[in-house]
1. Enumerate the calculated ³J(HN,Hα) couplings along the range A:114-125 in order (Karplus 6.51 cos²θ - 1.76 cosθ + 1.60, θ = phi - 60°), each rounded to whole Hz, writing x wherever the residue is Gly or Pro.
2. Which one, B:ILE92, B:LEU7, B:VAL26, is farthest towards the positive end of the dipole of the range B:6-105 when Lys and Arg carry +1 and Asp and Glu -1 on their Cβ?
3. So how strong a dipole does the protein assembly as shown carry about its Cα centre when Lys and Arg Cβ are +1 and Asp and Glu Cβ are -1, to the nearest 20 debye?
4. Treat every Asp and Glu Cβ in the range B:38-115 as -1 and every Lys and Arg Cβ as +1, leave all other atoms uncharged, and give the resulting dipole magnitude about the Cα centre to the nearest 20 debye.
5. Using just the Cα positions, wrap the protein assembly as shown in a convex hull and report its mean projected area in square nanometres, one decimal place.
6. Can you give the translational diffusion coefficient of the range A:144-193 in µm²/s, computed by Stokes-Einstein from the Kirkwood radius over Cα pairs at 37 °C and 0.692 mPa s?
7. So for the pair A:SER15, B:ASN44, with labels modelled 7 Å out along Cα→Cβ, what separation do we get in nm?
8. Springs between alpha-carbon pairs under 10 angstrom, Gaussian network model over chain B: which of B:GLY15, B:GLY126, B:GLY70 fluctuates most?
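Every read-out reported here was derived from the displayed coordinates using simple, explicitly stated rules and does not represent laboratory data. From a predicted model like this one, the values you see are computed outputs, not experimental measurements. Quick reminder, even Gly has a Cβ in these numbers, built from the backbone with ideal geometry, and neighbours come from all protein chains shown.
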Amino acid sequence: MTDLAEPERAVARPSLGELFISFVHVAISGFGGALPWARRMIVERKRWMTAEEFNEDFALSQFLPGPNVVNFSVVFGARIAGAAGAAVAFLGLMGPPMVIVTIIAVLYARYGDLEILSRILSGIAASAAGLIIAMTLKMAKPLFTKVGWPAAIAIVAFITVALLRWPLLPVIAVLAPLAFALAWVFPTGSVKR
Amino acid sequence: MNDDSPLTALATYFGLLSLVAIGGAVTAIPDMHRYAVETMHWMNDRQFTDSFAIAQLSPGPNVMIVALIGYHVAGLTGAAVATVAMCGPTCIVAYFAAHTWNRFKAARWRVALQAALVPVSLGLIGASAYILARAADKTIAAGVITVATVVVAVFTRISPLWLFAVAGLLGMTGWL
């Protein structure tokens, strides 16, 4: 927490141009998820935010539905410069990857049936699946150290969506309010501090 | 645009999905698979896992799988429509939440809400892992790559890109 590289309080406010360039930078360096890169840029390098401010906006971005880092760009941009800031940060984050992915999509549509490409991708797909399993295990560790409603909710979400193949919308519509009620009544069942 | 248009389907589906994807784009993977592969038959299992692999390989947020599905269905317009639908609604929510969120830092409902959503998104990420592994691991060798990746990712801090490079190489040289 008291890393010397991180500011006590935010030292500067970026201009719209800087904001855009910075999120472009985050976008193109963010292999395998862009959030760690956003933190590095905003807190450690540019010092636009303290670690604590970052954690708060990060928590909000995670709790909101939809892509986390996209939410984060909007929340951070809005904090810096209102609607214009939000738009600029969003475009910086999404623009370049959109162009790159579109080029890849065109190439895949043309060459996706090539034997060699399909073999390379099937290797990477197997590895990518492993990464998500590893992420699940790391997240599950604090939640499954004790018996309680959080573990039960996670298991029900898994069974309904993965095994029963129910659509996400009704599952969330039931599970989210249920989990909220449980968290309200049994706050200690939560491992979140 | 009539109601049978794939663009309408993309916009409606991803627009709704974005509002229930608690915990990020990866939690929506099982539902995207259900809809794009099983319900709409837009793509097969292999094209779906290929898209995920490409999204993971490309720089930028991994929500980019949405653009790849959109492109597969309806070309460039499809990619744009799917991406905007997946990001638009939540961006608007995020914009308004940005101003109010920190005011309620200690509120009991906020604490409960955060505590409630963590296990939900964990279950969904687990579901993503299951769906992706089942679609990708059609051979024993692919299963071995998956397990090896899990072990390396849990116990070391080696960059995932190295794992992808090795896995891609093994695939290319015909081990799978």
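1. 4, 3, 5, 5, 5, 5, 4, 5, 5, x, 5, 4
2. Positive-most Cα among the choices belongs to B:ILE92.
3. Working: 25 positive and 18 negative charges, 187 e Å.
I would put it at about 900 debye.
4. About 620 debye.
5. 18.1 nm²
6. Numbers: Rh = 11.5 Å.
Translational diffusion coefficient: 286 µm²/s.
7. For A:SER15 paired with B:ASN44, the spin-label model returns 5.4 nm.
8. B:GLY126
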